[in-house]
1. Scan around His38 for amide H atoms under 5 Å from its own, H built in the peptide plane at 1.01 Å from N, and keep only partners 5 or more places away or cross-chain.
2. Contact order normalised by length for the stretch 2-184, with contacts defined as Cα pairs under 8 Å and 6 or more residues apart; what percent is it?
3. Once you've got the GNM for the chain with C-alpha springs shorter than 10 Å, pick whichever of Thr383, Thr61, Thr178 has the biggest mean-square fluctuation.
4. Mind jotting down the three principal axis lengths of the chain based on Cα atoms? Whole angstrom, largest first.
5. Going by the alpha-carbon gyration tensor, a ≥ b ≥ c the square roots of its eigenvalues, is the stretch 9-84 rounded (a/c under 1.5) or, if a/c is not under 1.5, prolate (a/b greater than b/c) versus oblate?
6. Of Ser9, Leu253, Thr359, whose Cα points farthest to the positive end of the dipole of the chain (charges on the beta-carbon: +1 Lys, Arg; -1 Asp, Glu; origin at the Cα centre)?
7. Got the relative contact order for the stretch 212-327 handy, in percent, Cα pairs under 8 Å and 6 or more residues apart?
8. Roughly what would the spin-label model give for Leu241 and Tyr416, points 7 Å off Cα along C-beta, in nm?
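Coordinate-derived values only; no laboratory data. Here the structure is a predicted model, which is why all the values come from computation and not from measurement. We place every Cβ from the backbone using ideal geometry, glycine too, and count neighbours over all the protein chains shown.
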Amino acid sequence: MILKTYIFSYVSGNYQQYISDHSETFIRQNCIDSTEQHQIVVRRDGNLMYYTYVYKKNTSTALGFSVVCGEICLDLHWLYEFLHNTLDFSAQKGVLFAYDENGTISQKVTNFSAEAAEVDNIFRSIKDYLEKRPSYWESLPPEDFSIPMTSKMTLTFSDDDNDKVIEALRHYHNVIVTMENTAPSSFSKTVARLNSETKELTAIKNNLENEIESLKRQKKQYRWVISLSLLVAAALVVIALFNQNVNELNYTLNKREASIDSLHIVISHKNKTISDQEEIISRKDRELKNMKSELASVQSSLNDLSQYTPLIVSDITMKNEGENYGETIYSRNTTYLYPRLKVYGLRDQTITLYVKFYTPNGLSTGSGKWQSPPGYTYKNDVTIEKNRQTMLYMLGWGGKNKGHWQKGAYRIEIWYNNSCLKSKTFTIY
């Protein structure tokens, strides 16, 4: 159901998107046109629907996700909450995004492709989550060509507006929905609250220390008066009323000392709170070190794997000549079929990949000008780059007349050095 997922950011006029393709033009415009902190922007492009969640931190910073499918979402608030929570969880991990001291999300990496593995994990989790809820989706109605591609509807979402939003999606090519009463995540509120409380506790601690110093000075003054009073009392025993004043002064001093003791207890509690916050920070640092260690272990495993193969093939998509990857392939239109490989390079090298193309009748081979290698359909020289995920567009296989391939189940296999790197089945209708 979910055909593709994008991650993007717009910071001070600089826009980047992964994966970068023709959608970049209108997703970039969504970032610029967005006026609220949380919005869902939906665009219909033929038989495709682009659902773009935009988190606008300020007038110059926006980021988010976009998912592409061929259905209408029947509960846009559900989709918003999931994409919003995905961004929040990513910020808590601190690889692509992170929370700043004010509890708002900022981009942490300069290039999303540098963390391709983390991005792919997010893409897979989005795809798995959305495709497990088919009841939230409905087939697209026929496109109304009387409505221009620039048609736009702007709505503010509340619980009783869902039918109105779905109706807008059926008729307008561009629908911008602002989410009202959107509360920040508990994690962002905690970060902001802890920073605020730390500042308040520091100010209270400084005030208490100043007050203690003042009380100590007053205590010294009171003791000097008491000593002088005792000397005068000894010399002037007849002044009985002065003794009463001395007693009252002693009482006041005791109260002051009790107040000082109470303040010491308050300071102790505040120091304990500060210590607890420092422990939280220390724990987060340990978690970050563990994540870095895990990343180093993965990189080591990839280096070991590179001794046996120069690349990892994670996915294969097919298309008919003149059509798009991932579209349904119909027998009546078939000519040449083109495979596209999603690969991760383990070393810099130009290699030869071999392709086995199985039809319902067995392995497809060619002769003459298109002579197949023994045991394979054809071969293709490709160049890969170390530590980079990219798409390899392979040569096509078929014939120039439409209807070349019959209906049925097909399988394609990618081989290197007598080892099958990846296989995939697909259907021609």
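1. Hits under the 5 Å cutoff: Lys56, Met179.
2. 24
3. Result: Thr383 has the largest fluctuation of those listed.
4. In descending order, the Cα extents are 135, 58, 36 Å.
5. oblate
6. Towards the positive end, the residue furthest out is Thr359.
7. Reported as a whole number, the value is 18 percent.
8. About 10.5 nm separates the two model spin labels.
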